[in-house]
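A.B. asks: A single structure is presented below for examination.
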Amino acid sequence: MSMSSWPLTMNPVIQVIMASATLVIVKILVDLLSTNFRSPMKNLSGPPSPSWLRGHMDQLFHPQGWDFHLKTVVSFGTAVRLRGFLGEDVLYLTDPAGLRTVLIREHGDIYEEPPMIIERNNLLWGPGLLSSTGMAHKKQRYVINTAFSIQRMRLAMPIFWEVTHRVEETLLKSLRNGSTELDMLVWMSRVSSELIGQAGIGKSFDTLAEVSAPNEYMFAAKQLIPLSFPLQDFMRLIPYIVKFGSPNFRGFLAKIAPHPNIRKLREIIYFLHNTNSSIYRERIQSLEQESKGDGADGPRRDIISVLIQNNKGVDEANRLSDDEIISQMGTLIFAGQHTTSVALSRILQVLSLDLKRQEKLRLELINARAEGQDLSYDDLMALPYLDAVCKETLRLYAPAPQLHRVPSKDTSVPLSRPVLGKDGSTIDRIHVRAGTMVVIGAAAVNRDPIIWGPDAEKWIPERWLEPLPETLNSAYLPGVYSNMMTFMGGGRSCIGFKFAETEIKAVLYVLLSRMKFEPSNTPIEWNMFNFATPTVKGDSTKPSMPLKVTLLSG
């Protein structure tokens, strides 16, 4: 067969795939070249681009990109011009006024998450909070909000205590013969999964026994992001691919895709959706029995059950569909197990490196636990040093170091701290074209010395026991949690941050009052993936954080 005739003899399906991919790539290239020819950000300073093809993308998303984010970029000011694919503009933003504009004032009407992220989330979890925009997103948040209220956290405390005491009992058994090196990321991940399973969707996924076969559902859910990460470049095509053909046809293409990760993702997505649909039907049935007085276990406190009940009381125009509620289940599992387990692991590691402050916190917890009863939600939240340790760690080590937004039309971003342009002029407002990626440097804002003071780079929990700097109050950061950007702010802020805070404090309350944590002999490094993730140094493929754990006497 001659080279000139091979396309004609190819499988028709492969021809369709190749033709579709070609059209998508041509469309992207035309869009990029037309927008990059004359940039309104050409006077904005930034580091030189290392690549005409990929710009700063490899640095921005490098597993060890901490210095790039926290030193290199911010050295150019609070608004910095970076380069993306084929030289497209990327705005790196840490300016307080700019953040308020992007996350609050113009959120929804102009700024949203990048289309490739929205469409990716829709493929992975369905039409839930992470994949909805505009009025659909507002409608979902309105119905879901009350399920995460403080009152709901108060009612859910028995679940938090039951799960944390279970892992306490298991770890105590492991420590009775002396100090042991334990992978605390594994244990914190298991605790988070079980808590979001029980308190989130009303299902137990883990006995939390020392040896326990992995639950099929949780094992599948935890594979979604690792399988997606190597496909980052492919993700750029998703907004175009989802417009091509019917859902069934796209599912067929995924089934025969040449990349094994795409084929595996398709299997997992179908499995999780079918499982979530089954759980949803069970919740509906149990709530109907409960309404008739037949509920054997009393009123259900899990978030999905509350959401289903709330949804019944909403007028039809704002009521969520079955698919929207089912999608929230996958969203809850994803959001609940990753960020919180990472935050807990970081707190334990930081405390292991500062035994004096670990002991200070332990004394507060032991005194609170002296009566032998679990605390109420309000009493747990009122422990001052526990609160300070959690806030300081979440400030200095944000689990999500960066997030992204894209304007749907041309707009401008005001700056409260003007930057110096390349020509020496002062820039106090930046014109941003539609489609430009705006990087929210959450980790950088949380460490800004002008906002937090000259010791912003240091871990000092005591700062939260004193009046905070006036520079922080006057910055008016749009963060939903304690004037920091860890859980973002505005219409796409983390809706479950109170759940995360409750889980973190409950786990620390139980474990630290009985156990001492010290560094192991295994060096740890933190990687910048979708979330900050600890690994054994030199092996960035397997998340892990071993610590030396000792059972305390008494």
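Derivation of every value follows stated rules applied to the coordinates shown; laboratory data play no part. Predicted model, so just to flag it, every value in this text is computed and none were measured. Here the Cβ is made from the backbone with ideal geometry for all residues, glycine too, and neighbour counts use every protein chain on show.
A.B. asks: How high is the relative contact order of the chain, in percent, counting Cα pairs under 8 Å that sit 6 or more residues apart?
C.D. replies: Details: 817 pairs, mean separation 128.0, N = 554.
Relative contact order of the chain: 23 percent.
A.B. asks: Can I ask one more? Taking all pairs of different Cα atoms in the range 202-323, averaging 1/r and flipping that mean, what Kirkwood radius in angstroms comes out? Write out the running numbers ahead of the final one.
C.D. replies: On the way: mean 1/r = 0.0564 Å⁻¹.
About 17.7 Å for the range 202-323.
A.B. asks: Moving on to the next point. When we measure straight from the Cα of K312, which aspartates and glutamates land under 13 angstrom away, once same-chain ones fewer than 8 places off are left out?
C.D. replies: Straight-distance partners of K312: E288, D322.
A.B. asks: May I ask for the net charge around N318, where only other residues with Cβ less than 13 Å from the Cβ of N318 are counted and Lys, Arg are +1 while Asp, Glu are -1? If you can, show how the numbers build up before the last one.
C.D. replies: Working: positive: K138, K139, R141, K312, R319; negative: D315, E316, E324.
Net local charge, N318 excluded: +2.
A.B. asks: Below 8 Å between Cα atoms, with a sequence gap of 6+, how large is the relative contact order for the range 50-131 in percent?
C.D. replies: Numbers: 70 pairs, mean separation 17.1, N = 82.
Relative contact order here is 21 percent.
A.B. asks: With just the Cα atoms defining each centre, how far is the range 251-295 from the range 115-129? Give it in Å.
C.D. replies: If you average the Cα positions of each part, the centres end up 15 Å apart.
A.B. asks: Now a separate question. Return, ordered by residue number, the residues of the range 101-135 whose backbone nitrogen is under 16 Å from a label point located 7 Å along Cα→Cβ of A317.
C.D. replies: 135
A.B. asks: May I ask for the Kirkwood hydrodynamic radius of the range 489-554, worked out over all distinct Cα pairs and given in angstroms to one decimal?
C.D. replies: Working: mean 1/r = 0.0686 Å⁻¹.
Kirkwood hydrodynamic radius for the range 489-554: 14.6 Å.
A.B. asks: Test of the criteria: in the range 328-383, which GluC sites (Glu not before Pro) are in a DSSP loop and have at most 13 other Cβ atoms within 10 angstrom of their Cβ? Don't jump to the answer; show the numbers that get you there.
C.D. replies: Values: sites: E359, E364, E371; in loops: E371.
Those that pass, being in a loop and sparsely packed, are E371.
A.B. asks: A follow-up question, please. So what's the gap between the Cα centers of the range 150-208 and the range 336-403, to the nearest angstrom?
C.D. replies: First find each Cα centre; the distance between them is then 15 Å.
A.B. asks: On a 19 Å Cα-Cα criterion, which of the cross-link pairs K360/K391; K360/K505; K264/K537; K360/K537 come out too long?
C.D. replies: Values: K360/K391 16 Å; K360/K505 15 Å; K264/K537 28 Å; K360/K537 30 Å.
Too far apart for the 19 Å limit: K264/K537; K360/K537.
A.B. asks: Additional query: Which value results for Rg/Rh of the range 362-487 when Rg is the Cα radius of gyration and Rh the Kirkwood radius based on the inverse mean 1/r? Walk me through the numbers before you get to the answer.
C.D. replies: Values: Rg = 19.2 Å, Rh = 17.4 Å.
Here Rg/Rh amounts to 1.11.
A.B. asks: Nothing charged except the Cβ atoms of Lys and Arg (+1) and of Asp and Glu (-1): what's the magnitude of the dipole of the range 478-554 about its Cα centre? Round to the nearest 20 debye.
C.D. replies: On the way: 8 positive and 5 negative charges, 26 e Å.
I would put it at about 120 debye.
A.B. asks: Going toward the positive end of the dipole of the chain, with +1 on Lys and Arg Cβ and -1 on Asp and Glu Cβ, which of T133, I430, G98 do you reach last?
C.D. replies: My answer, from the dipole projection, is I430.
A.B. asks: Next up: Taking K243 as the anchor, which lysines have their alpha carbon closer than 21 Å to its alpha carbon, excluding any fewer than eight residues away along the same chain?
C.D. replies: Once the sequence-local lysines are set aside, what remains near K243 is K27, K255, K409.
A.B. asks: Can I ask one more? Quick one, what does Rg over Rh come out to for the range 83-150 if you take C-alpha atoms and the Kirkwood Rh? Please report the intermediate quantities before stating the final value.
C.D. replies: Values: Rg = 14.6 Å, Rh = 14.0 Å.
Over the Cα atoms of the range 83-150, Rg/Rh equals 1.05.
A.B. asks: Next question. In debye, nearest 20, what is the charge dipole magnitude of the chain about its Cα centre with +1 on Lys and Arg Cβ and -1 on Asp and Glu Cβ, if you could check?
C.D. replies: Values: 60 positive and 56 negative charges, 218 e Å.
Dipole size: approximately 1040 debye.
A.B. asks: Right, here's the next one. Using only the Cα atoms, what convex hull volume per residue in Å³ does the chain have?
C.D. replies: Values: hull volume 98.7 nm³, N = 554.
Hull volume over Cα atoms, normalised by residue count, gives 178 Å³.
A.B. asks: How much net charge surrounds T502 when only other residues with a Cβ under 15 Å from its Cβ are counted (Lys, Arg +1; Asp, Glu -1)? Kindly include the intermediate steps, with their values, before the conclusion.
C.D. replies: Values: positive: R152, R154, R301, K391, K498, K505; negative: E162, E194, D302, D374, D378, D379, D387, E501, E503.
Cβ neighbours under 15 Å give a net charge of -3.
A.B. asks: Going toward the positive end of the dipole of the chain, with +1 on Lys and Arg Cβ and -1 on Asp and Glu Cβ, which of S474, P226, V507 do you reach last?
C.D. replies: Projecting each Cα onto the dipole axis, the largest value belongs to P226.
A.B. asks: Grab the alpha carbons of the range 453-530, take their convex hull, and tell me the volume per residue in Å³. Can you show the working numbers first?
C.D. replies: Values: hull volume 12.6 nm³, N = 78.
It is 161 Å³ per residue.
A.B. asks: Continuing with this model, one more query. Tell me whether the range 265-394 comes out rounded, prolate or oblate; compute the Cα gyration tensor, take square roots of the eigenvalues as a ≥ b ≥ c, and use a/c under 1.5 as the rounded threshold.
C.D. replies: On the way: a/c = 2.82, a/b = 1.77, b/c = 1.60.
Taking the square roots of the gyration eigenvalues as a ≥ b ≥ c, the range 265-394 is prolate.
A.B. asks: Expressed as a rounded percentage, what relative contact order does the range 451-554 have, with Cα pairs under 8 Å and six or more residues apart? Walk me through the numbers on the way to the answer.
C.D. replies: Working: 97 pairs, mean separation 15.8, N = 104.
For the range 451-554, the relative contact order is 15 percent.
A.B. asks: What are the aspartates and glutamates whose alpha-carbon lies under 12 Å from the alpha-carbon of K173, with same-chain residues fewer than 8 places away excluded?
C.D. replies: Within the straight-line limit of under 12 Å, K173 reaches these aspartates and glutamates: E210.
A.B. asks: Sticking with this one: Between rounded, prolate and oblate, where does the range 40-195 land on the alpha carbon gyration tensor, with a ≥ b ≥ c its root eigenvalues, rounded for a/c under 1.5, else prolate if a/b exceeds b/c?
C.D. replies: oblate
A.B. asks: If exposed means no more than 12 neighbouring beta carbons inside 10 Å and the site is in a DSSP loop, what's the longest run of the chain without any exposed trypsin sites (Lys or Arg not before Pro)?
C.D. replies: On the way: sites that count: R38, K42, R176, K243, K292, K409, K422, K458, K537.
Longest stretch, sites excluded: 43-175.
A.B. asks: Each residue of the range 254-267 in turn: what ³J(HN,Hα) in whole Hz from Karplus with 6.51, -1.76, 1.60 and θ = phi - 60°, glycine and Pro shown as x?
C.D. replies: Calculated HN-Hα couplings, in order: 5, 5, 10, 4, x, 7, x, 5, 5, 5, 5, 4, 4, 4 Hz.
A.B. asks: Next up: Just from its helices, what would the mean residue ellipticity at 222 nm be for the chain, if runs of 4 or more DSSP H residues each count -39500 (n - 2.57) and the sum is divided by every residue, rounded to the nearest 500 deg cm²/dmol? It would help to have the intermediate numbers written out before the result.
C.D. replies: Details: 23 runs with 263 residues, N = 554.
Mean residue ellipticity, 222 nm, calculated: -14500 deg cm²/dmol.
A.B. asks: Give me D for the range 412-554 in µm² s⁻¹, whole number, from Stokes-Einstein with Rh from the Kirkwood sum over alpha-carbon pairs, 4 °C and 1.567 mPa s.
C.D. replies: Values: Rh = 19.2 Å.
Answer, rounded: 68 µm²/s.
A.B. asks: So what are the range 427-477's ellipsoid semi-axes, whole angstrom, largest first, if each one is the square root of 5 times an eigenvalue of the alpha-carbon gyration tensor?
C.D. replies: Working: eigenvalues 163, 33, 16 Å².
Semi-axes, largest first: 29, 13, 9 Å.
A.B. asks: A further question on this structure: Note down the Stokes-Einstein diffusion coefficient of the range 231-287 in µm²/s, whole number, using a Kirkwood radius over alpha carbon pairs, 4 °C, and 1.567 mPa s.
C.D. replies: 98
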